[in-house]
């Protein structure tokens, strides 16, 4: 299996995943009859509103943002659980939209898997762990002999630091952290190169989170995996990522290498997020009071979505959507940064 | 099977035990899980459920083994003797001075049928019709509910509107309609033979909606859970997701509805038979027996209708209590 | 425990909470003792299932049956409150102890306006007239940072955002100037940027009102920013109690030490996080001796047999045999 990964590697430095102008709009209008009776038109939720980014092979790209910013929707668009309203998701040079049938999708399916947030809902409670982990193998008929399948399942369980004998048990016999390992084992069963991880540790306790994060890092090194990681926890993202993108109300406001984002944040929202993290080191750093709340994504503010909470907002910010412009190692979408109105990032955490 | 093959099979079995126990092992394990589980625990703690279960079990036993345990074979018309008609139960005297005999424990009807035996055979018919119609309704309703909930969209609308229309007709009316249509379309002899199947179909038609609606509701909940999304990401065929992932997780409510529907189906069958559109008189069900008996109730010959009625009450009550308990046991939120 | 002339505001002694189940009695909280001084913020941390929320609920008599306090005492300002009849504890709950829950949506009645809930609470526990109570409610809403409180007071909970709702809940808890506020995961359901606002608010209000706070959370960052002292719970027992800087920077108990190491930090990029092997035992399989011993890198024979009590070390108290020995050794050394 390691050979297979190696074999695919030389295909070049082209990014494994490329997302272009990706958008997903949900129609959240009340039913037709209600609309007709009460007046009022359709309301469209722009969960993802035109974002671009690329993920290099063997690296971890993370999306951070607060609830409702659309980061989980991006994850589901990337794995094809949702169809994009606009834009493209290209996996290894292939546009997913061009794979119309399930059959055509199958080769990509094997190479791309997902780990979910809720370790209690992501495993079918009626299935034995061995059957859960074997599902991708059986679906894609990767191994024919049933003995070999079970052997492989045992290997996978050991790979995520569980015992092969755990396959006999049912999910409810495991703790949250162990279930998340089972989820990872299932995701690895089809030898994928690319894992989409939607808040994989946010339902776990810190000590268990550490175990899962360490495991994920080990697996990435051993198997040459590429991660697309979704989280709201800045510290976790900093720990696991090579690249970080910050989302706010459906838009990617800034992305760059992790070090850059965390130690030289450009966008005012990135700075706000970093500032809001409770200070575990107790340096006595004065915390800047952050005003305001995330507005409703159904009626987002005009221009730059962040302008009502932004201390640097100008008339231009209220009127004009800022384009993504290059910054060190990445891009940032902010008029204030473009015009050089931002003070230096002195609040690196 | 050759010896070599057999050892081969055993080898696989022992090999598998490393990770998964053999089929027998799994079955034993499942049994152990059941007796260790919450449902069995709740059963042991509920005297009502235990009594209801015992009663149901006895009635089932009696119904299934009626030809062997009944003192008279009332199914065989040739054994009937009009001389034996209208005996009161043993130890009773009827208004005309006839005394009951031990041979006919609960008396006889106007054809000379032993009531006690006729009830056993009647129970058999009632349960058979009840079970068959519930199973039919459950299969159809569950499938439609599953498809409706999982696929959604226009198909969902169509199925649910049909269900809505279905609900506007009372069960009896549907049964009468189907019964009438079949009787009108087919020759009399054929219709008579098909009568019991028509009855099953009619009762099932009035009950599938319950299953469909409940399963659709549970499916809508389950299909948004992450394990279903995981299966989609893996690339599992939608039909397999429905059958292997969603279905096992929506069977709890189906079991409850099935139990409660069984009581209802038995009652519906009894009602239809009482009205004379049910099973043929030659093979009377409990409802038919009640109908035959009620003609004589005003002449003081009460036993013909009271005993079958009591049996019906006890059966329906026991099944209903069992269903109620099951609903509580499977839905901890209601406790 | 320092001996002061005045009794501490809250004193919990040997608290034991049991859940009878069909497989025997589960001990969810076992021999927990701590106190909170007036105006102090005590953080209670632990992983899910450590018993921290149950401890909080038992103090205000909101333990859900079949859970029950089977042993120990709870004193509020010297008065025993764990055995009070329902009506009495209800009065204590309203007037002397305020409560802030994790989910602001469930602690507000969706059918009543925010103002009505505030006014009712105020009037139940004070003699204020309706207009006076309304004025106080408006003042409170302003105090917790709700803009234009005169308008918002007549709105319903669903018209408030999550952060604003939590502010209303805090206002509700502060209505009658309680001496103690029990805040159970008050920021967990909120976004990071809102969390910071709520923490700042809670801190400011408590110092202004002179209320003590029992802050129950799994988030060490919140504790570091807010608490004066920290109590670390593990498997229903206290592992360590001490001043916040002591516990966070120089954790004594191996569990606390591991816990602190397992938190990813922004200040330094570590390739691997410190990892405590295994997971917290289920309540029906708590090991003998120290509950942490199977996972403890420093466990020795005594740990598996004898259960450690809190031992004073530096300015903290630690339930670990390691320090019993250290005490003896340093005792002979110095």
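When residue C:237 is tested against (1) in contact (Cβ under 8 Å) with a residue 60 or more places away in the chain; (2) in contact with a helix residue (DSSP H, G or I) (Cβ under 9 Å, 6 or more places away or on another chain); (3) closer than 18 Å to residue C:33 by Cβ, just one condition goes unmet, and that condition is (2). Reported count of residues in the stretch A:300-332, each being touching a residue at least 60 places away in the same chain (Cβ under 8 Å) and either part of a helix (DSSP H, G or I) or closer than 28 Å to residue C:159 by Cβ (or both), is 1. Every condition in (1) surrounded by fewer than 23 Cβ atoms within 10 Å (Cβ to Cβ); (2) part of a strand (DSSP E or B) is met by residue A:252 except one, and the failing one is (1). For the stretch C:221-241, the criterion of being within 13 Å of chain A (Cβ to nearest Cβ), buried (at least 23 other Cβ atoms within 10 Å of the Cβ) and at positive phi is met by at least one residue.
Restricting attention to the stretch A:68-105, the residues that are within 14 Å of chain C (Cβ to nearest Cβ) and surrounded by fewer than 15 Cβ atoms within 10 Å (Cβ to Cβ) total 0.
Look at (1) farther than 29 Å from residue A:54 by Cα; (2) modelled with pLDDT of 90 or more; (3) more than 9 Å from chain B (Cβ to nearest Cβ) and you find that residue A:175 fails only one, number (2). Among the conditions (1) more than 10 Å from every other protein chain (Cβ to nearest Cβ); (2) surrounded by fewer than 20 Cβ atoms within 10 Å (Cβ to Cβ), residue A:118 misses just one, which is (1).
Residues considered: C:104, C:20, C:65, C:85. Of these, the only one that is touching a residue at least 40 places away in the same chain (Cβ under 8 Å) and farther than 27 Å from residue C:195 by Cα is C:20.
A quick yes/no check of all residues on (1) away from every other protein chain (no Cβ under 14 Å); (2) touching a residue at least 24 places away in the same chain (Cβ under 8 Å); (3) farther than 23 Å from residue C:59 by Cβ; (4) part of a loop (DSSP other than H, G, I, E, B):
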position: C:155; (1), (2), (3), (4): yes, yes, yes, yes
position: C:158; (1), (2), (3), (4): no, yes, yes, no
position: C:166; (1), (2), (3), (4): no, yes, no, no
position: C:178; (1), (2), (3), (4): yes, yes, no, yes
position: C:183; (1), (2), (3), (4): yes, yes, no, no
position: C:187; (1), (2), (3), (4): no, yes, no, yes
position: C:190; (1), (2), (3), (4): no, yes, yes, yes
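For the condition over 30 Å from residue C:222 (Cα atoms), part of a loop (DSSP other than H, G, I, E, B) and in contact with a helix residue (DSSP H, G or I) (Cβ under 8 Å, 6 or more places away or on another chain), residue C:108 does not qualify.
Pairs are defined by a Cβ separation below 8 Å, a sequence spacing of at least 6 or placement on different chains, a first member in the stretch B:56-73 that is within 22 Å of residue B:102 (Cβ to Cβ), and a second member that is not in a helix (DSSP H, G or I); the pairs so defined are B:67/B:73; B:67/B:75; B:70/B:114; B:71/B:103; B:71/B:105; B:71/B:114; B:72/B:113; B:72/B:114. Yes or no: residue A:160 within 12 Å of chain C (Cβ to nearest Cβ), surrounded by 21 or more Cβ atoms within 10 Å (Cβ to Cβ) and under 25 Å from residue C:281 (Cβ atoms)? When the stated conditions are applied, residue A:160 does not pass them. Just one residue in the set B:149, B:122 is under 26 Å from residue B:77 (Cα atoms), in contact with a helix residue (DSSP H, G or I) (Cβ under 8 Å, 6 or more places away or on another chain) and in a helix (DSSP H, G or I); that residue is B:122.
The residues on offer are C:159, C:102, and the sole one that is in contact with a helix residue (DSSP H, G or I) (Cβ under 9 Å, 6 or more places away or on another chain) and crowded, with 16+ Cβ neighbours inside 10 Å is C:102. If you go through the stretch A:140-151 and keep only what is touching a residue at least 24 places away in the same chain (Cβ under 8 Å) and within 10 Å of chain B (Cβ to nearest Cβ), you end up with just A:140. When the criteria are applied in full, residue B:245 meets the requirement of being crowded, with 23+ Cβ neighbours inside 10 Å, within 8 Å of chain A (Cβ to nearest Cβ) and at pLDDT below 95.
Scanning the stretch A:84-111 for residues that are in contact with a helix residue (DSSP H, G or I) (Cβ under 8 Å, 6 or more places away or on another chain) and touching a residue at least 40 places away in the same chain (Cβ under 8 Å) returns A:84, A:88, A:89, A:90, A:91, A:92, A:109, A:110.
For the stretch C:310-326, a tally of residues being surrounded by 15 or more Cβ atoms within 10 Å (Cβ to Cβ) and either within 14 Å of chain A (Cβ to nearest Cβ) or out of contact with any strand residue (DSSP E or B) (no Cβ under 8 Å at 6 or more places or on another chain) (or both) returns 3. When residues in the stretch A:255-299 are screened for being in a loop (DSSP other than H, G, I, E, B), surrounded by fewer than 19 Cβ atoms within 10 Å (Cβ to Cβ) and at pLDDT 90 or above, 1 of them pass.
Within the stretch C:25-79, the set of residues being under 17 Å from the mean Cα position of the chain (by Cα), surrounded by fewer than 20 Cβ atoms within 10 Å (Cβ to Cβ) and at positive phi comprises C:31, C:39.
Residue C:65 fulfils the conditions (1) part of a loop (DSSP other than H, G, I, E, B); (2) under 25 Å from residue C:203 (Cα atoms) except for a single criterion, (2). Among the residues of the stretch B:159-217, those identified as under 30 Å from residue B:149 (Cβ atoms) and outside any helix (DSSP H, G or I) are B:169, B:170.
If the condition is being in contact with a helix residue (DSSP H, G or I) (Cβ under 9 Å, 6 or more places away or on another chain) and part of a strand (DSSP E or B), then the stretch C:77-98 contributes C:79, C:97, C:98. Considering the stretch B:282-335, the residues that are more than 20 Å from the chain's Cα centre (by Cα) and not in a helix (DSSP H, G or I) include one that is surrounded by the most Cβ atoms within 10 Å (Cβ to Cβ), namely B:301. Mind checking whether some residue in the stretch C:268-290 is crowded, with 22+ Cβ neighbours inside 10 Å, touching a residue at least 40 places away in the same chain (Cβ under 8 Å) and in contact with a strand residue (DSSP E or B) (Cβ under 6 Å, 6 or more places away or on another chain)? No, the conditions are met nowhere in the stretch C:268-290. Among the residues here, residue B:52 qualifies as away from chain A (no Cβ under 14 Å), at pLDDT 80 or above and within 30 Å of residue B:329 (Cα to Cα).
The values are calculated or read from the model by the stated rules, or taken from the named source; none is laboratory data. For clarity, every value in this text was computed on a predicted model and none was experimentally measured. Every residue, glycine among them, receives a Cβ derived from its backbone with ideal geometry; neighbour counts consider all protein chains shown.
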